[in-house]
Structure formats: C-alpha cells, structure tokens
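First the structure, in the form of structure tokens, and then the observations on it.
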Amino acid sequence: MDSISDTITLNDGTPVPVLGLGVWQLDDDATYTSTRAAVEAGYRHIDTAAVYGNEAAVGRAVADAVAAGDVRREDLFITTKLWNADQGLDEGCAAFQASLDRLGLEYVDLYLLHWPCPAYDRYIDAYRALTTLQGLGRVQSIGVCNFYPEVLDDLEQTLGQVPAVNQIELHPGFSQAEQRADNARRGIATEAWSPLGKGAVLDDPVIGEIAREHGVTPAQAVIRWHLQLGNIVIPRSSRPERVRENADVFGFTLTDDEMDRITALDREDGRVGPDPREMNAGTPVGDA
C-alpha cells in the first residue's frame, strides 16, 4: 500500500479505500469536524452507523465538502449499518431509508448488518433486506459486521450469499487470525473496527520500540500493520491533527519480523468489545 488513495476490490467488483475514518462515539460537532478534516487530508472512506447517532453530522460534512469543491460525491465511499432492533425484511428496508434521510444521500456505498444477534435469530431476514436494497440500486455493496463461521455458513447455505465485507474487532491484542483466514477463504474482505484496541495497545513496549525505529507514532505503526495484513482499517479520532496523522502511514514499511512481533501480541483475553456470539438485540452497542 503506497497512498491513501489505494483501494482493494470487493467480491462484487467494487473498489473500497483501504484507509477510512470511523466516527463511533463522536458527538455531532466532533463527527462534522473530523469528517471535514479527513476529506481535506485525502480520506475517501467514512464509516458510521444508525446506532452511533451521528449519521446526520456525517451527511452535513459530506454535503459541505462537496459544495466547497473538496471532493465529488462519487469519489467518496460512505458506509452505514443496520442496527439490531431493526432486523427483519420490512424493518430493515425502513431503517435504511431513515439512515439515508439522515445522511441526506441518494445511496450509500456499503450497508452492513451490524451484529448477527444469534438469540434474536433474524439475521437471515435482515440480510434479505440488504439484498433487496442492493437490487434497487440504493446500496452499492452489502456486508456484515461481527459474523463468525457458523453464521456465515448459515447465510451462505440459506441465501446463497457471500457478503462483500465482514467488519470485525481486530487489533494487535486480538488479531483474529482464524476469522481473517475464514473470510479470505470465502472471498470476503476483512475490515477492522477498534483497530487501535481502544488505545490500549499503544502503550505496549513492542509497538513503541517499532514506532521509534521508523520515527512514527505507535498509532501509525499499528495502522501500518493492519494495512500490510490486508485489512481495511477505520481509525477514529475527534482531533483533526490526529486524523491527518493517522493518514500519514505510507512512507514506511514494517519488516516481516516487525509484523510478526506485533501479531505475537495477540491474547486470549484481548477482546475489548462484546462477543458476537452473545451480543443480542437489547445489548448496548460495542465499538463496531
């Protein structure tokens, strides 16, 4: 990966920028400021969700950036997500329209089913809503978040569908090698949420040493690790200077040894968000 404009091609033929901005837990003002700063810094991928409560702020920032001539809408890749309580065919289609209205857009580039919610057992109907919306041209690509092999199997066997993206918790403390391999086997792109482990991994001495060797910050070293693994990565920040800094990760390359040293930080108890096998409709949102 050589620049912020680099993309990978999804299994439906859609190019997606490998580095984007996440806006989870940002209020409207911070979401607007960070999104504008991201577009000005060259980001073309913005990730939000209905449950984040900031789709409208993303939409305002996008509209203002387009009006200012900073970017064309067709050059942006906007992602949002269907929340658990709206799973179902009719419910999902209605929830999508509400998201689209808040965003002020005619379409989104990627629409994701936020959690499988296995005890709720409505993810098949929810995914049918996504395929319906895609067929109507309201969504370019569709995918899932936090899906694991058993529910991916169910989706594929029941609907004959392979999602374009599986957005999962993924960071050096929880590198998800098996799920990444399973995604790759199916032709699904892996996207990392909480890519910095809610900041916990940034104090690790191994990452600090590697960052110093390259004259970069620990966050930059971790983002570079993600990119070299082949992940799509969406770090979050409320500070414009940090947004710009997180994009400055294309002037160095981690060695194989450095990649292995970071990957070796994986721990059995490294998860910082909910377990998707236990996350259900009424449970508070995680960091996806």
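When the GluC sites (Glu not before Pro) in the range 64-108 are filtered for DSSP coil states and for at most 16 other beta-carbon atoms within 10 Å of their beta-carbon, the remaining sites are Glu106. Here the chain is assigned +1 on the Cβ of each Lys and Arg and -1 on the Cβ of each Asp and Glu. Its dipole about the Cα centre then comes out at about 480 debye.
Think of the chain as a dipole: +1 on every Lys or Arg Cβ, -1 on every Asp or Glu Cβ, centred on the Cα centre; then among Pro118, Pro276, Thr9, Thr9 lies furthest on the positive end.
Accessible area of Thr33 (1.4 Å probe, protein heavy atoms only, ligands and nucleic acids ignored): about 60 Å².
DSSP beta bridges fully contained in the range 1-101 are about 40 percent antiparallel. Among beta bridges from DSSP that stay inside the chain, the antiparallel ones total about 15%. Once backbone amide H atoms are built at 1.01 Å from N, Asn11 has Ala189 as its partners under 5 Å, excluding neighbours fewer than 5 places away on the same chain.
Highest mean first, the peptides 161-169, 21-29, 270-278 sorted by other C-beta atoms within 10 Å per residue fall in the order 161-169, 21-29, 270-278.
The values are calculated or read from the model by the stated rules, or taken from the named source; none is laboratory data. In this text the structure is predicted, and so the values were computed from the model without any measurement. No Cβ is skipped: glycine too gets one built from the backbone with ideal geometry, and neighbour counts run over all protein chains shown. What goes into the accessible areas is simple: the full protein's heavy atoms, side chains included, and nothing from ligands, DNA or RNA. Shrake-Rupley method; radii C 1.70, N 1.55, O 1.52, S 1.80 Å.
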